[in-house]
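What follows is a short report on a single structure.
The values are calculated or read from the model by the stated rules, or taken from the named source; none is laboratory data. Keep in mind that this is a model prediction, so the values were computed, not measured. Don't worry about glycine lacking a Cβ; one is built from the backbone with ideal geometry, like all the others, and counts go over all protein chains shown.
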Amino acid sequence: MTRRIATIGVYDFTVGAFVEKLTAGGVGLLLDLRQRRGVRGSEYAWANSARLQRTLAEAGIGYRHVKDLAPTTEMRQIQYREDDREGVGKRNRVALAPEYAERYTREILDPFDLGALVAELPAGSVTALLCVERDPEACHRSLVAERLHTEHGLSVTDLRPS
């Protein structure tokens with residue numbers, strides 16, 4: 001069986017819709033790519049690490065934090081400055097800042113051993129890459145997914161809120 005990847009964010013999901021989207025997408029393992037595994041605001045309290053892990057366990061979905069694929073605080077600040085310049089907030093960003101994408105690729109993604117990660121992924125189900133942004137184009141998970149596709153041949157599906 002081939003390994004498959006999905007990407008998913010937190011924004012615009014409820015916990016029920018989030019779990020339903022993962023289940024419908026055949027996700028058996030969720031890789032949390034966040035540095036800080038919390039989301040501000042009561043609306044997304046369900047996505048804070050401990051709660052999320054309990055919810056996933058109840059749904060029969062595995063969880064793993066891959067902190068080495070999380071952007072650094074400094075990198076996030078680069079993106080926030082670009083968001084401010086563009087007049088957009090984190091929740092309605094549509095693209096990554098070029099400097100952020102370049103630094104993330106060079107400093108995080110290039111040195112990371114994706115081959116070893118791929119070898120550990122389950123072959124019988126989909127593995128989802130998680131961060132908070134609604135759209136993958138606005139998030140570093142898109143860079144990871146693209147690399148997994150181009151260098152390791154994994155198909156990628158983006159799971160978005162309905």
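Assorted remarks:
- Within the stretch 102-136, the residues that satisfy the criterion of being touching a Leu at 6+ places or on another chain (Cβ under 9 Å), assigned to a helix (DSSP H, G or I) and of a type in the set (A, V, I, L, M) are 108, 109, 114, 117, 118.
- Screening 40, 51 for residues that are out of contact with any strand residue (DSSP E or B) (no Cβ under 7 Å at 6 or more places or on another chain), among the basic types (Lys, Arg) and closer than 16 Å to residue 65 by Cα leaves exactly one candidate, 51.
- Residues that are β-branched (Val, Ile, Thr) and within 20 Å of residue 120 (Cα to Cα) do not occur anywhere in the stretch 11-25.
- Candidates in the stretch 74-106 are the residues that are modelled with pLDDT of 95 or more and closer than 23 Å to residue 30 by Cα; of these, the one that is surrounded by the fewest Cβ atoms within 10 Å (Cβ to Cβ) is 105.
- For the stretch 54-72, a residue qualifies if it is of a type outside the set (A, V, I, L, M) and either in contact with a strand residue (DSSP E or B) (Cβ under 6 Å, 6 or more places away or on another chain) or at negative phi (or both), and the qualifying residues are 54, 55, 58, 62, 63, 64, 65, 67, 68, 71, 72.
- Residue in the stretch 44-59 that is closer than 28 Å to residue 2 by Cβ, small (Gly, Ala, Ser), exposed (fewer than 12 other Cβ atoms within 10 Å of the Cβ) and modelled with pLDDT of 95 or more present: yes
- Residue count for the stretch 41-82 under the criterion of being in a helix (DSSP H, G or I), among the polar types (S, T, N, Q) and more than 24 Å from residue 103 (Cα to Cα): the result is 4.
- Where a residue in the stretch 106-126 is farther than 28 Å from residue 23 by Cα and aromatic (Phe, Trp, Tyr) and its partner, wherever it lies, is surrounded by 14 or more Cβ atoms within 10 Å (Cβ to Cβ) and modelled with pLDDT under 95, with Cβ under 6 Å and at least six apart: none
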